[in-house]
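Quick notes on the structure that follows.
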Amino acid sequence: MRISYDEGRRIFLIRTENTGYAMGVTALGYLKHLHWGGPVAGPADFLLQSDSYLEKNIVGIDGSGDPDQDIKKAEKRNFFQRLDEEYSGWGGYFYGDPGMKVTFADGCRGLLLIYHGHEITEDADSCLLRILMKDNVYNFYVELFYRVYPGLDIIDRWVRAANETGQDVTLESVMSAMWHFPRGDDYRLTHMHGKWSGEFQLSQVKLTQSAVTLETKTGISGHHSCPWFALDWQSNATEEEGALYAGTLHWSGSWRITAQRDYLERVRVTGGVHDFDFAWPLAPGEEFTSPVFSGVFTQQGFGGASRQFHNYMKRHVLPPYSLEKEPAIMYSSWNLYTFNIDEKQEKEIVPHAAAMGMELHHVDDGWFSTRDNDYQGLGDWRINKKKFPDGLKPLIDCAKANGMEFGIWVEPEMVSPDTQLFKERPDWIIHFPGKQMSTGRNQYVLNFAMKEVQDWAIGWITDLLENNEIDFFKWDMNRYISEPGWAAEAAARQKTIWTLYVRGVYRVFAAIKERFPRVYVQNCASGGGRIDMGLMRYCDTVTLTDCGNPWDRIKILWGYTQLFAPFTSGTSWASRMWGDPALPRGLSIWENDPRKVGEADKAKIRKMYNDYAKVRHIIHKGDLYRLASPYKDEYVAYEFVLPDQSEALVHVAGLKPTYQRYLPFLRLRGLDPGAIYEMNGHPPMSGSGLASLGLDVTFEKELDSYLIHLRKKQGCSIC
Ligand code: DGJ
């Protein structure tokens, strides 16, 4: 990992573990994108580039004395100068999707960014490049940031705008980055979309000479679309091979990622906080910083990109506790009892759940205020004394006495109409005064853009966690934002609510995580409605989905692991969903109240959980290889390998009822080729044999599945 600047050629070179990224400053001060892809030896590789037709026609054009010639050259210059600009301000002869659009105090809306200096700094963890750009007329500055990390090919990018004009400026669009790709006409865009109980579905589209926008405008990053993209230039990247670009936004609110192929076959992706209903007044001396947009290039296809993101998350995003603690096997009150919970019933369940091998007793919605259904109670965060007469302590003590951890559910961003809070603080509720207020799940959204609201949330959550021995804290969010008014703010500032809301949520999450680093935090929003790298910074785990149907979950998980480390989806339940038909034998882990599970079934379930617990560390610490896709095959197969290659785990499961299905041999990856691996159900084989011959797996009965644990044989190698 290194970032350098060649003074003579005015070229920036960013080298990651296996890739290169280059930009150059032209004679006129434009910052041009030159390369993102495979490694480059040095700045000399770009001599050719600056010698090219385009460069010859844009660099250093002086008046020739011949007016006709000069006009022609000036036209060419207008046209070519703005092509491949690393980060464009809107204006002039640029018609692509810009990085930034502003209005200056005098009404001027042209932003032309010229190189103004740079700084390269390094610390133990990363190398940072800051390029300072300035508008060619106004004292308006934009800093472009690039951060790279040892051992990774991820490039983090973000921008900061600073108003030194002495007058107000309005930001109308501030994208975190513009990514440029090699010229091509065969690009394929892969993206993820979904719905409640059907998150992270993968789709692919060819890029035509048009723009494709992925987005959410709901105020949360969304079930409907995930702030992630992947692009392969010949539409041929496979799971483990082929050149692939991928990127993700660290943002939990409305966002936009636009992919565009233009008529010169130039391909760009621009993304950031959504600029729909966005206007940010920037007073003199003020700054605005965008969220991070991480990008990666790999020659190892989708699997390679995923492992980059997973390792990046583990090393630079997730809270340390999530790496230390393996996700617990959870009993949750939700799917069985929804709001109908009380101390007596939960205390009865605890020993049965513990006997089945569950490690965490989680009390979901319904424990507070008047919360007997989803019309009421949110906002009044006091324990419901009818359900829990002596508070939560007796149940917590019972869980602990049975060797279980204890978890609690909250939904801090919401208020129900029947509450004290609703009556006392109407000014805290997001709405347009005088207009109808839309409800979602019968509730309203509190304005987390307001510091007062954030402080209130930090206050009661701190009390809850301080006064109760809580190990697991599920933060839920169950509706989108509508009528985004903020009456206390000046009209010109009201649109900042979308962004400040998200920053406010981050502030509360950060305060909780800082104060209680060893409380395991779960991010939930009607299942996986707000899962993104932004919130991952403060959460140890997510509610992947509310869907309990195993076939659906397998597909949801396949999509999730494209971007997110698999173990972060780990604290969830596997039970039947309401109204689901009884699941085929062997698929539903437990479908009933633990009190009603017979002893023989309990023992069976305990064995399954114990078997899982023995290999859980491999999922937690290992690298993921997806071996067979539920999108293509009638079975799914995953492999996890510990970084030191001492252990691996293969999970393979049939998805269709079939009898005696002989699978193509599963060719394993990432193992030590020279070592011998012992496995359950299979004779020992070498790492190289497992890679080239593969593992012989046969489904003998319908919907069979296997968990194969591979262990390196000590002191034994094939040669
Ligand atoms: C939605 C979540 O996704 C569920 O898991 C559950 O916690 C309910 N909310 C509770 O209201």
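The table that follows gives values for the structure above.
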| quantity | calculated |
| --- | --- |
| Exclusive hit being buried (at least 19 other Cβ atoms within 10 Å of the Cβ), in contact (Cβ under 8 Å) with a residue 60 or more places away in the chain and closer than 24 Å to Ile556 by Cα, set Ser254, Ser225 | Ser254 |
| Restricting segment 617-658 to residues that are modelled with pLDDT under 95 and of a type in the set (D, E, K, R), the residue that is farthest from Ala565 (Cα to Cα) | Lys656 |
| From the options Gln201, Gln234, residue that is open to solvent by 10 Å² or more (accessible area, probe 1.4 Å) and touching a residue at least 60 places away in the same chain (Cβ under 8 Å) | Gln201 |
| Residue in segment 663-680 that is within 17 Å of Gly303 (Cβ to Cβ), in a loop (DSSP other than H, G, I, E, B) and free of Cβ contacts under 8 Å to residues at least 12 places away in the same chain present | no |
| Residue, nearest to the ligand (Cβ to nearest atom), within segment 376-394, restricted to residues that are closer than 18 Å to Asn340 by Cβ and open to solvent by 10 Å² or more (accessible area, probe 1.4 Å) | Gln376 |
| Near pairs, Cβ below 8 angstrom, 6+ apart or cross-chain, from segment 110-130 (surrounded by fewer than 17 Cβ atoms within 10 Å (Cβ to Cβ)) to any residue that is part of a strand (DSSP E or B) and modelled with pLDDT under 95 | none |
| Residues of segment 144-169 satisfying the condition of being over 21 Å from the mean Cα position of the chain (by Cα) and buried (at least 19 other Cβ atoms within 10 Å of the Cβ) | Leu144, Ala161, Ala162, Asn163, Thr165, Val169 |
| Members of segment 313-365 that are within 14 Å of the ligand (Cβ to nearest atom) and not in a strand (DSSP E or B) | Ser333, Trp334, Asn335, Leu336, Tyr337, Thr338, Phe339, Asn340, Ile341, Asp364, Asp365 |
| Those residues of segment 167-202 which are among the charged types (D, E, K, R) and touching a His at 6+ places or on another chain (Cβ under 8 Å), in sequence order | Lys195, Glu199 |
| Scope segment 697-719; condition among the charged types (D, E, K, R) and open to solvent by 50 Å² or more (accessible area, probe 1.4 Å); matching residues | Glu700, Lys701, Glu702, Arg711, Lys712, Lys713 |
| Selection status of Gly689, open to solvent by less than 20 Å² (accessible area, probe 1.4 Å), under 22 Å from Lys314 (Cβ atoms) and modelled with pLDDT of 95 or more | no |
| Neighbours by Cβ (under 7 Å, 6+ apart or cross-chain): first from segment 337-359, under 14 Å from Met404 (Cβ atoms) and touching a residue at least 12 places away in the same chain (Cβ under 8 Å); second open to solvent by 40 Å² or more (accessible area, probe 1.4 Å) and among the hydrophobic types (A, V, I, L, M, F, W, C) | none |
| Residue within segment 371-389 that is small (Gly, Ala, Ser), in contact with a Ser or Thr (Cβ under 8 Å, 6 or more places away or on another chain) and under 28 Å from Asn335 (Cβ atoms) present | yes |
| Hits in segment 520-556 - residues which are among the aliphatic types (A, V, I, L, M) and crowded, with 21+ Cβ neighbours inside 10 Å | Val521, Ala525, Ile531, Met533, Leu535, Met536, Val542, Leu544, Ile556 |
| Segment 644-662: number of residues that are in a loop (DSSP other than H, G, I, E, B), farther than 12 Å from Asp704 by Cα and either open to solvent by less than 70 Å² (accessible area, probe 1.4 Å) or among the small types (Gly, Ala, Ser) (or both) | 2 |
| Per-region count, segment 395-418, residues buried (at least 21 other Cβ atoms within 10 Å of the Cβ) and assigned to a loop (DSSP other than H, G, I, E, B) | 5 |
| Answer from Gly485, Gly459 - the residue that is away from the ligand (no atom under 16 Å from the Cβ) and either touching a strand residue (DSSP E or B) at 6+ places or on another chain (Cβ under 8 Å) or assigned to a helix (DSSP H, G or I) (or both) | Gly459 |
| All positions within segment 667-688 that are in contact with a Phe, Trp or Tyr (Cβ under 9 Å, 6 or more places away or on another chain) and of a type outside the set (S, T, N, Q) | Leu668, Arg669, Gly670, Leu671, Gly681, Pro684, Met685, Gly687 |
| Enumeration of residues in segment 419-456 that are outside any helix (DSSP H, G or I), open to solvent by 20 Å² or more (accessible area, probe 1.4 Å) and away from the ligand (no atom under 16 Å from the Cβ) | Arg425, His431, Phe432, Pro433, Gly434, Lys435, Gln436, Met437, Ser438, Met450 |
| Whichever residue in segment 366-375 is buried (at least 19 other Cβ atoms within 10 Å of the Cβ) and not charged (D, E, K, R) and, among such residues, is farthest from the ligand (Cβ to nearest atom) | Ser369 |
| Pairs, first among the hydrophobic types (A, V, I, L, M, F, W, C) in segment 540-558, second modelled with pLDDT under 90 and part of a helix (DSSP H, G or I), C-beta under 9 Å, six or more apart | Leu544/Arg553; Cys547/Arg553 |
| In segment 522-541, the residues that are in a loop (DSSP other than H, G, I, E, B) and more than 15 Å from the ligand (Cβ to nearest atom) | Asp532, Arg537, Tyr538, Asp540 |
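The values are calculated or read from the model by the stated rules, or taken from the named source; none is laboratory data. What you are looking at is a predicted structure, and each value in this text was computed from that prediction instead of being measured. Neighbour counts run over all protein chains shown; Cβ positions are idealised from the backbone, glycine included. Keep in mind that these areas ignore ligands, DNA and RNA; they rest on the heavy atoms of the full protein, side chains included. Shrake-Rupley method; radii C 1.70, N 1.55, O 1.52, S 1.80 Å.
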